[in-house]
1. Could you grab me the full set of residues in the range 158-176 that are surrounded by 16 or more Cβ atoms within 10 Å (Cβ to Cβ) and either modelled with pLDDT under 95 or part of a helix (DSSP H, G or I) (or both)?
2. Considering only the range 273-320, state which residues are in contact with a helix residue (DSSP H, G or I) (Cβ under 7 Å, 6 or more places away or on another chain) and of a type in the set (D, E, K, R).
3. Here's a check for you: in the range 299-329, which residue that is polar (S, T, N, Q) and not in a helix (DSSP H, G or I) is surrounded by the most Cβ atoms within 10 Å (Cβ to Cβ)?
4. Looking at (1) at negative phi; (2) surrounded by fewer than 24 Cβ atoms within 10 Å (Cβ to Cβ), find the lone condition where F287 falls short.
5. When the residues of the range 373-398 are filtered to those that are surrounded by 14 or more Cβ atoms within 10 Å (Cβ to Cβ) and either at pLDDT below 90 or not in a helix (DSSP H, G or I) (or both), which remaining residue is farthest from the chain's Cα centre (by Cα)?
6. Need a quick list: strands (runs of 3 or more DSSP E) entirely within the range 58-144 having at least 1 residues that are surrounded by 10 or more Cβ atoms within 10 Å (Cβ to Cβ) and modelled with pLDDT of 85 or more.
7. Working only within the range 146-201, note down all residues that are in contact with a strand residue (DSSP E or B) (Cβ under 7 Å, 6 or more places away or on another chain), in contact (Cβ under 8 Å) with a residue 24 or more places away in the chain and of a type in the set (G, A, S).
8. Which ones in the range 225-246 are within 23 Å of D207 (Cβ to Cβ), within 25 Å of the chain's Cα centre (by Cα) and crowded, with 18+ Cβ neighbours inside 10 Å?
Amino acid sequence: MKSLKSFKMNFRKKDPFHDGGRCGVRMKQLPFMGILCIGMVFVVYRTMIYQHHQTQIDARMDPFDISREIHLSSWQLRNLPRGIVQAASDLELRPLWSHGNSNSKKFQLDSSGAEVEYPTGRYLLAMPVGIKQKHNVHAIVQKFLPENFTIMLFHYDGKLDGWNDLAWSAHALHVVAHNQTKWWFAKRFLHPNIVSLYDYIFLWDEDLGVRNFHPGRYLRIVRSAGLEISQPALHPNSTEIHHRITIRARTKKFHRRVWDMRGSTKCTNSSRGPPCTGFVEGMAPVFSRSAWFCTWHLLQNDLVHGWGMDIKLGYCAQGDRTKKVGVVDSEYIFHMGIQTLGGGDHSGKKASSSEEHSNKNSKHGSSFDVRMEIRRQSTRELEIFKERWNKAVEEDKNWFDPFTMDSVVVGDDHERRRLKHRHKVRA
């Protein structure tokens, strides 16, 4: 009997379903835990796939990502504490000694000599200038100074001393380089890390009349309309008007497109690309901080005349160029069309025979027109820019054109079909 009882007790110890089935419950939980683990692995896998696709989309939509540059530079800065590193700068002049409380508000003098507080926001006006246009440049600067603009002048004629009699000249930044263009200066002296302080950058020519233009009102319109790239409209009587979209519309505050059935380019309701919409011209562009970051990278270092770049500016509009690019009508300018760089008179009129002769130089025993040579060089640069753009598009397999079907002139069915086929092949 004793041996039988001991046998029963040993059986109970070995029985997995003994003790209320607790061991059996544990065995039943094993498949459930396995399914739960598989589910968690699946969720992690799907999350990683989503993040990968999102990274690809971000890379396509932001082709000018500088994270790689930051990663490379971080190794060079490894011996510095992170808090001491400053990657950006500005164009503001600094005093040699303190003039009081650094936290005090900034003031300026108005035309009557009274102190007026600066408005909020920081802006930059940068212009290529020559001494022949001194009077007109002075009129432009006088308009911008009350609105808290930093003034930067690019002197292409080297005549810097002639500006010293202007009161504001001592507070402006002056860069001198003989016979260089606006885009040459901009590429070298307006790096995004240098101008990141400024909300908007006005990169204007010197031959613009500003009688009907107010920078403060202009900026309020640009902000309210959400324009990343803009320009003031041109007075209809301006000397040089190359695209109808830049002409002032009298009844509007601003416009983003134009309708025009004249000429080789037809602008209709179906037009969604330059020069019908999403377009500004190069004589008076205004960029937001983000748009300039992109535009600076678009500028080609060796193509100094900038021809063809205006057609591509919409790619830097930080979104839909038909909405983010526009022309402000209520604040408009007069384009005089004066050609001074490389020769030309300062009145905007046709040069006399003696002046034309002075603008011609001897080259290999024969005379040549400087202005004509500049135009030829500009045309060559335009073709080079087009070739570079097309080559970049072909080589970058991860890039897609968000405006592929927008940039074709309405009615060009053959070209539209060709682009559609090419887009499908690359996809």
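The values are calculated or read from the model by the stated rules, or taken from the named source; none is laboratory data. Because the structure is a prediction, the values reported are computed rather than measured. Every residue, glycine among them, receives a Cβ derived from its backbone with ideal geometry; neighbour counts consider all protein chains shown.
1. Hits for the range 158-176 are W163, S169.
2. E281, K312
3. Pass one, the range 299-329, residues polar (S, T, N, Q): 300-301, 318, 322.
Still in the running and not in a helix (DSSP H, G or I): 300-301, 318.
Numbers: Q300: 16, N301: 9, Q318: 18.
Out of the qualifying residues, it is Q318.
4. (2)
5. If we take residues in the range 373-398 being surrounded by 14 or more Cβ atoms within 10 Å (Cβ to Cβ) and either at pLDDT below 90 or not in a helix (DSSP H, G or I) (or both), then E373 is farthest from the chain's Cα centre (by Cα).
6. Result: 123-129.
7. A172, A186
8. Residues satisfying the conditions are I229, S230, Q231, P232, A233, L234, H243, I245, T246.
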